[in-house]
1. Name every residue in region 87-124 that is open to solvent by less than 60 Å² (accessible area, probe 1.4 Å) and either polar (S, T, N, Q) or at positive phi (or both), in order of residue number.
2. Does I84 satisfy the condition of being surrounded by 13 or more Cβ atoms within 10 Å (Cβ to Cβ), farther than 13 Å from A106 by Cα and either touching a Phe, Trp or Tyr at 6+ places or on another chain (Cβ under 8 Å) or touching a residue at least 40 places away in the same chain (Cβ under 8 Å) (or both)?
3. Inside region 41-56, can you point out the residues that are open to solvent by 50 Å² or more (accessible area, probe 1.4 Å) and under 15 Å from the mean Cα position of the chain (by Cα)?
4. Keeping to region 87-105, report how many residues are of a type outside the set (K, R), touching a Phe, Trp or Tyr at 6+ places or on another chain (Cβ under 8 Å) and closer than 24 Å to W153 by Cβ.
5. For region 146-154, indicate whether the set of residues that are in contact with a Pro (Cβ under 7 Å, 6 or more places away or on another chain) and among the basic types (K, R) is non-empty.
6. Pull up region 65-81, narrow it to residues that are over 15 Å from S112 (Cβ atoms) and not polar (S, T, N, Q), then point me to the one that is most open to solvent (accessible area, probe 1.4 Å).
7. Which one of these does I30 not meet: (1) touching a Phe, Trp or Tyr at 6+ places or on another chain (Cβ under 8 Å); (2) assigned to a helix (DSSP H, G or I)?
8. Could you please tell me which pairs satisfy a Cβ distance under 9 Å, a separation of 6+ or placement on different chains, a first residue in region 111-137 that is touching a residue at least 60 places away in the same chain (Cβ under 8 Å), and a second residue that is of a type in the set (S, T, Y) and open to solvent by less than 10 Å² (accessible area, probe 1.4 Å)?
Amino acid sequence: MTAPVPYADRDRFVAAYRAIERQVEDRWGIPVIVSDVPAPFTGDLDGAEIRVDHDLDAEDALFIVVHLFGHTVQWNVSEAARAIAKHPGPWDAPHLAQLRAYEREACQYSLSLFHDAGVHDLDQWLADFSACDYAYLEHVFTTGAKPPFRSFWRPDQPRLAPLPIPPFTPTRWWNRWDGVVV
């Protein structure tokens, strides 16, 4: 297993989380709720709110909130994105290509959210975390095996390009318990 490179200490992740949470709630009107999220999930979304599991450390909580914000944007502007999120499998090559693009776009919105909230020092961290997340998802969806998440971590992944966040109205579509898998 490759250990993550220390990008920041806990205090930096906490400060970034607070800045992101304020931005998501104040600018976009999307509540960020810290609560119990039943395993195996560490967060949830429905298009109008974001839930972050209360047991996460600051680093993982930061990724969950920014990443689920990216998916929230997608769900509210694209029927095709909602269809990818609801895809039950199997995950063949064409569906994996769609999934990869869907996940990358969500992370590009995440990067724009970072910058809008004044977080400019975690771009590489986000690129590395995003690559780890996608590698894990692809492995789980194609093999069914769930090795430790961090075993997919590879430092120095290609950086993401921020994608401007389009105007949208947060709308409740569904949540994971209604069959969302991504």
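The values are calculated or read from the model by the stated rules, or taken from the named source; none is laboratory data. Owing to the predicted nature of the structure, the values given are computational and were not obtained by experimental measurement. No Cβ is skipped: glycine too gets one built from the backbone with ideal geometry, and neighbour counts run over all protein chains shown. When the accessible area is computed, the model is the full protein with side chains, heavy atoms only, and any ligands, DNA or RNA have been set aside. Shrake-Rupley method; radii C 1.70, N 1.55, O 1.52, S 1.80 Å.
1. Passing the criteria: G89, Q108, S110, S112, G118, Q124.
2. No: the conditions fail for I84.
3. Kept after step one, since they are open to solvent by 50 Å² or more (accessible area, probe 1.4 Å), are these residues of region 41-56: 41-42, 51, 54-55.
Once the filter is applied, which keeps residues that are open to solvent by 50 Å² or more (accessible area, probe 1.4 Å) and under 15 Å from the mean Cα position of the chain (by Cα), region 41-56 yields F41, T42, R51.
4. The qualifying residues number 4.
5. Yes - at least one qualifying residue is present in region 146-154.
6. E79
7. I30 satisfies all of (1) touching a Phe, Trp or Tyr at 6+ places or on another chain (Cβ under 8 Å); (2) assigned to a helix (DSSP H, G or I) except (2).
8. If the second residue must be of a type in the set (S, T, Y) and open to solvent by less than 10 Å² (accessible area, probe 1.4 Å), the pairs left are L126/S110; S130/S110.
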